[in-house]
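K.L.:
Dropping a structure here in structure tokens format, bear with me for questions.
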Amino acid sequence: MYKMQLLVCSGTGCRASASATIVEKLNESLKAHQLTEEAQVVTTGCFGFCEKGPIVKVIPDNTFYTQVKPEDAEEIVTEHILKGRKVSRLLYEDPENKEHIIDSKHMGFYQKQMRIALRNCGVIDPENIDEYIVRDGYSALAQVVTDLTPEQAIDMVKQSGLRGRGGAGFPTGLKWEITSKFSSDQKYVVCNADEGDPGAFMDRSILEGDPNSIIEAMAICGYCIGATKGLVYIRAEYPLAIKRLEIAIGQAREYGLLGNNIFGSKFSFDMELRYGAGAFVCGEETALIASMEGKRGEPRVKPPFPAESGYMHKPTNVNNVETFANVPVIFLKGPEWYSAIGTEKSKGTKVFALAGKINNVGLIEVPMGITLREIIYEIGGGIKNGKNFKAVQTGGPSGGCLTEAHLDTPIDFDSLVAAGSMMGSGGMIVMDEDDCMVSIAKFYLEFIVEESCGKCTPCRIGNKRMLEILEKITQGKGSMEDLDHLRNLAYVIKDTSLCGLGQSSPNPVLSTLENFYDEYVAHVKDKRCFAKQCKAMAKYTINPDVCTGCTICARNCPVDAITGEKREPHFIHQEICTHCGVCYQKCKFNAINVE
Amino acid sequence: MTKIKSLDDLRQKKQQLEQGMDIREKSDHPENLVQIKVAMATCGIASGARTVMNTLVEKMKKEKIAAVVTQTGCMGYCYAEPTVEVTKPGMDPVVFSYVDVKKAEEIVDKYILNNELLDGILPKNYQTI
Ligand SMILES: Cc1cc2nc3c(=O)[nH]c(=O)nc-3n(C[C@H](O)[C@H](O)[C@H](O)COP(=O)(O)O)c2cc1C
Ligand code: FES
């Protein structure tokens, strides 16, 4: 029996920084020191702390090593495994007081988290179904198909209060009930693993770290709605997730957990993968279904909803990966247990991909109702380089910004909408004083213009016009009318677009207009960008105390915007200056200021 | 692979596989378990800490006591090695000195199971964070 286990992360992040070689080296080293009987190396899914990867966690003392290199393997074995001394230089360092933290239980990053969807990520080997079974895997499915009727099982999901994690937050139990009511010779369970929000990677991590939980949940859903076939729509850009899911499906079939007469019941279920080419709009359920059918990935008008007419015109239940990951737990722990977590209308937890100007970038799972302050300052370890917090963007290209005023608002589906943003799939990008909000809005709009499928006019042309206006503003050529125009366009696009992509695409603009109107006005009226991000608006002036009157700037200015007498301080005429920056480069005395 | 055809099959399968995962489950909430730390620095290893640790692991398993057995570095009692620190849930840690295989078994039988103290307890002279 092993006394110790070394859990090595083999999520996408850590594999990119050689975690596979670390596994090799650890094994070699254990062998060399005759420790293979005492310690075992286990590869797991993502720990969520990708920024400081590769991660190696030693069990049972929960030592959390970060940024481990293959060369460090020998030292971990000889020092920690053999002699029991932690290798302190590899321990996580607290960003505030620079102290080494002895184990993961003492890390702020994990203390406030509650892991339900990610319960097995970083704990089990995702390529070994046995480890999932030990963690109560497939017991929920066994219980459902042998003890419960579909109606009873649907009731439990309804009672739990689980809402869809794919963006809109539709009650999951209700969706299952609606789909179950349509009768048909064939129905489908679809898992939406398209994950198109820039920056979000929770679905990928769940599939890579705990693929069996999705298989189990889809089978449960199949039993509830009366479907025997499951399809996972996954983007082909997720090769590792695809591989692990395929391994898991293969193992589940071998055990008879997929196939005919599961657990000796009358219920049969099997599943297949469908690959997407990575278009954002294919995450929208009707476009997704069209794409699965081999058609162009374009959305269509709803109703009919997929529950009535989906894949191959059959009743189809579409849920997101994270939604499914929550399902087995509801049956294992009971709907009461589940609904005790979270806020009145949003139960359970949510996984967020924390990114931007924050110390601990990574994947976190927190109970609904936590505040932004807790996420940013306790889990995230505060803003990078001691700068000031400015805003948080949630919901990706469909969401908006929250500001200082929202720091203490409990976060759930409804409070985010009330604050002009949305949950979306859970991207959370933290911004500091150096970020220009107009440029941020422009960034998301560029994404939308790229990704719009072009089927409806408001989305195809409206967003393009909005982007042009934003470009004008960031180049210092905007006017106050442009701001009104922007707002009008935004409302028209919201009201008239065909699908959720267009209906939500103006959100980043509207929310920054609402929360950072001053910044827009500064760009338009004073031609100034507080964050100094909009280069075209940089203002060049000459410091008369430093200028020697050497004339080099005046001679090099391509538009003759600089005048002055020899050996006298020179002057830049702002109305002529084109902000090219030549004077700044030429001046030998650092006399040119930029603001 | 044998098929899993019923809930009982699944339960059995789970039990068979449980041992390998045991230590990961336990490390999740160490505060509810008996925690045993064996000092395993050069001095400890030289005086036989490795066999002591193996004995403890086996013994705890035999007695079916939920415990986390870990190794630590030198606790600073080099003169009294091998040393073993035992923390029962809700109690202060106790450090035993000159532990050999026999004494290790005694620690389990007397202190852990019956709360009896043994000879050779060292005063705990440090604070852990
Ligand atoms: C433009 C657009 C993109 C979307 N992308 C995703 C996605 O990547 N993943 C996802 O699960 N849902 C996405 N959705 C939401 C789906 O349409 C659908 O509501 C969801 O998969 C339902 O699952 P849920 O009830 O479990 O949330 C997107 C919606 C829109 C409008
Ligand atoms: S990939 Fe290793 S911690 Fe995320």
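K.L.:
With a 1.4 Å probe, what is the total accessible area buried between chains A and B, in Å² rounded to the nearest 100? Display every interim value, and only then the final one.
P.N.:
Working: alone 24860 and 8570 Å², together 29930 Å².
Looking at A and B, the buried total is near 3500 Å².
K.L.:
Long-range amide H contacts for A:Tyr92: which residues qualify at under 5 Å (H placed 1.01 Å from N, peptide plane, sequence gap of 5 or more or a different chain)?
P.N.:
Amide H neighbours of A:Tyr92, under 5 Å, 5+ apart: A:Phe64, A:Thr66, A:Ile101.
K.L.:
Select from B:Lys13, B:Lys103, B:Lys88 the residue whose mean-square fluctuation is largest in a Gaussian network model of chain B (Cα-Cα springs shorter than 10 Å).
P.N.:
Answer for the Gaussian network model of chain B: B:Lys13.
K.L.:
Another question about this same structure. Please sort by residue number the trypsin sites (Lys or Arg not before Pro) in segment A:354-445 whose DSSP state is loop and whose Cβ has at most 13 other Cβ atoms within 10 Å. Each step should come with its number before you reach the end.
P.N.:
On the way: sites: A:Lys357, A:Arg373, A:Lys384, A:Lys387, A:Lys390, A:Lys442; in loops: A:Lys357, A:Lys387.
Sites meeting the loop and neighbour criteria: none at all.
K.L.:
Now a separate question. In whole angstrom, how long is each semi-axis of the equivalent ellipsoid of the protein assembly as shown, when you take the square root of 5 times every eigenvalue of its Cα gyration tensor and sort them from largest down?
P.N.:
Those come to 52, 39, 20 Å.
K.L.:
Quick one: with all protein chains in place, what share of the accessible area of segment A:538-594 is carbon or sulfur, to the nearest percent (1.4 Å probe)?
P.N.:
Values: 1820 of 3690 Å².
Answer for segment A:538-594 is 49 percent, counting heavy atoms of protein chains only.
K.L.:
Are there trypsin sites (Lys or Arg not before Pro) in segment A:518-595 that DSSP puts in a loop and that have at most 15 other Cβ atoms within 10 Å, and which ones? Could you put the intermediate results ahead of the total?
P.N.:
Values: sites: A:Lys525, A:Lys527, A:Arg528, A:Lys532, A:Lys535, A:Lys539, A:Arg555, A:Lys566, A:Arg567, A:Lys586, A:Lys588; in loops: A:Lys525, A:Lys527, A:Arg528, A:Lys532, A:Lys539, A:Lys566, A:Arg567, A:Lys588.
Taking segment A:518-595 and a limit of 15 other Cβ atoms within 10 Å, the loop trypsin sites (Lys or Arg not before Pro) found are A:Lys525, A:Lys532, A:Lys566, A:Arg567, A:Lys588.
K.L.:
Counting partner chain Cβ atoms within 10 Å of every residue's Cβ in A:52-64, what's the average? List each step's numbers first, then the result.
P.N.:
Working: counts 0, 0, 0, 0, 0, 2, 2, 8, 14, 9, 5, 1, 0.
Counting other chains' Cβ atoms within 10 Å and averaging over A:52-64 gives 3.
K.L.:
I'd like the Karplus ³J(HN,Hα) series for segment A:321-326: coefficients 6.51, -1.76, 1.60, θ = phi - 60°, whole numbers in Hz, and an x wherever there's a Gly or Pro.
P.N.:
4, 5, 4, 4, 4, 7
K.L.:
Roughly speaking, what is the centre-to-centre gap between segment A:551-576 and segment A:244-276 when only Cα atoms are used, to the nearest Å?
P.N.:
First find each Cα centre; the distance between them is then 76 Å.
K.L.:
Sequence-distant or interchain residues sharing an amide H contact under 5 Å with A:Val190, placed H: which?
P.N.:
A:Leu231, A:Asn317, A:Val318, A:Asn319
K.L.:
A further question on this structure: Which residue, B:Leu113, B:Leu56, B:Leu33, has the most motion in a Gaussian network model of chain B that connects Cα atoms within less than 10 Å?
P.N.:
Highest fluctuation among the options: B:Leu113.
K.L.:
Now, a different point. For segment A:506-595, just say rounded, prolate or oblate: build the C-alpha gyration tensor, square-root its eigenvalues into a ≥ b ≥ c, call rounded for a/c under 1.5, and beyond that prolate if a/b exceeds b/c, oblate if not.
P.N.:
Working: a/c = 3.23, a/b = 2.92, b/c = 1.11.
Judged from the Cα gyration tensor, segment A:506-595 comes out prolate (a/c at least 1.5, a/b above b/c).
K.L.:
Determine, from the Cβ-Cβ distance of B:Lys102 and A:Arg373 and an R0 of 51 Å, the FRET efficiency 1/(1 + (r/R0)^6), rounded to the nearest 0.05. Intermediate results must be reported in sequence, preceding the final value.
P.N.:
On the way: r = 56 Å, r/R0 = 1.09.
That pair, B:Lys102 with A:Arg373, gives E of 0.35.
K.L.:
Check A:Ile572: other-chain or 5+ apart residues with amide H under 5 Å from its amide H, H built from backbone geometry?
P.N.:
For A:Ile572, the qualifying residues are A:Ile542.
K.L.:
Could you state the orientation-averaged shadow area of the convex hull built on the Cα atoms of segment A:147-243, in nm² to one decimal? Walk me through the numbers before you get to the answer.
P.N.:
Values: hull surface 27.9 nm².
In nm², the orientation-averaged hull projection of segment A:147-243 is 7.0.
K.L.:
Segment B:32-105: which GluC sites (Glu not before Pro) are DSSP loop and have at most 16 other beta-carbon atoms within 10 angstrom?
P.N.:
Values: sites: B:Glu58, B:Glu63, B:Glu85, B:Glu105; in loops: B:Glu63.
Passing sites in segment B:32-105 are B:Glu63.
K.L.:
Additional query: When ligands, DNA and RNA are left out and all protein chains stay put, how many square angstrom of accessible area per residue does segment B:23-122 have with a 1.4 Å probe? Don't skip to the end; give the middle numbers.
P.N.:
On the way: 4410 Å² over 100 residues.
I get 44 Å² per residue for segment B:23-122.
K.L.:
Counting only protein heavy atoms, what percent of the accessible surface of segment A:263-418 is carbon or sulfur at a 1.4 Å probe? Show your work: numbers first, answer last.
P.N.:
Details: 2890 of 5490 Å².
Solvent-exposed carbon and sulfur of segment A:263-418 make up 53 percent of the total.
K.L.:
Right, next: With a 10 Å cut-off between alpha carbons and a GNM built on chain B, which of B:Ala46, B:Ala67, B:Ala80 moves the most?
P.N.:
Result for chain B, Cα springs under 10 Å: B:Ala46 fluctuates most.
K.L.:
Please identify which residues in segment A:265-280 have an amide N closer than 12 Å to a label point set 7 Å out from the Cα of B:Lys5, following the Cα→Cβ vector.
P.N.:
Correct set: A:265.
K.L.:
What length, rounded to one decimal in nm, is gained on full extension from A:Leu407 through to A:Tyr517, with 0.36 nm per residue of separation minus their alpha-carbon distance? Let's see the in-between values first.
P.N.:
Details: separation 110, 0.36 × 110 = 39.60 nm, distance 1.91 nm.
Using 0.36 nm per residue and subtracting the Cα-Cα distance, I get 37.7 nm.
K.L.:
Something else about it: Work from the charge dipole of chain A (Cβ charges, +1 for Lys and Arg, -1 for Asp and Glu, about the Cα centre) and give the residue of A:Asn543, A:Ile411, A:His313 farthest towards its positive end.
P.N.:
Most positive-ward Cα: A:Asn543.
K.L.:
Just give the residues from segment A:113-136 buried by at least 20 square angstrom of accessible area in the all-chains context relative to the isolated chain, probe 1.4 Å, and say none if nothing qualifies.
P.N.:
A:Val123, A:Asp130, A:Glu131, A:Ile133, A:Val134, A:Arg135, A:Asp136
K.L.:
With θ taken as phi - 60° and the coefficients 6.51, -1.76 and 1.60, list the Karplus ³J(HN,Hα) couplings across segment A:404-415 in order, rounded to whole Hz; mark glycine and proline as x.
P.N.:
Rounded to whole hertz, the list is 3, 5, 9, 4, 9, 6, x, 8, 8, 3, 7, 5.
K.L.:
Here's a follow-up. Explain nothing, just compute: Karplus ³J(HN,Hα) = 6.51 cos²θ - 1.76 cosθ + 1.60, θ = phi - 60°, for every residue of segment A:245-252 in order, whole Hz, x for Gly and Pro.
P.N.:
Per-residue couplings from phi come out as 5, 5, 4, 5, 4, x, 5, 5 Hz.
K.L.:
Right, here's the next one. Kindly report the accessible area of segment A:538-594 per residue (heavy atoms of protein chains, probe 1.4 Å, no ligands, DNA or RNA), in Å². Numbers along the way, then the final one.
P.N.:
Numbers: 3690 Å² over 57 residues.
Per-residue value: 65 Å².
K.L.:
Moving to a separate point now. What whole-number volume per residue, in cubic angstrom, does the convex hull of the C-alpha atoms of chain B give? Mind dumping the intermediate values first?
P.N.:
On the way: hull volume 17.4 nm³, N = 129.
Each residue corresponds to 135 Å³ of Cα convex hull volume.
K.L.:
From the square roots a ≥ b ≥ c of the eigenvalues of the alpha-carbon gyration tensor of segment A:129-338, which class results: rounded (a/c under 1.5), prolate (a/b over b/c), or oblate?
P.N.:
Details: a/c = 1.45, a/b = 1.19, b/c = 1.21.
Verdict is rounded for segment A:129-338.
K.L.:
Please give the solvent-accessible surface of A:Phe589 in Å², to the nearest 10, using a probe radius of 1.4 Å with every protein chain present.
P.N.:
Here the accessible area works out near 90 Å².
K.L.:
Hey, got the average number of other protein chain Cβ atoms within 10 angstrom for residues in A:248-259? Can you show the working numbers first?
P.N.:
Values: counts 0, 0, 0, 1, 1, 2, 4, 8, 6, 3, 0, 1.
That works out to 2 on average.
K.L.:
Taking only C-alpha pairs under 8 Å that are 6+ residues apart, what is the relative contact order of chain A in percent?
P.N.:
11
The values are calculated or read from the model by the stated rules, or taken from the named source; none is laboratory data. What you see is a predicted model, and the numbers here were worked out from it, not measured in a lab. Neighbour counts are summed over all protein chains in view; Cβ atoms, including those assigned to glycine, are modelled from backbone coordinates with ideal geometry. With ligands, DNA and RNA removed, areas are computed over all heavy atoms of the protein, side chains included. Shrake-Rupley method; radii C 1.70, N 1.55, O 1.52, S 1.80 Å.
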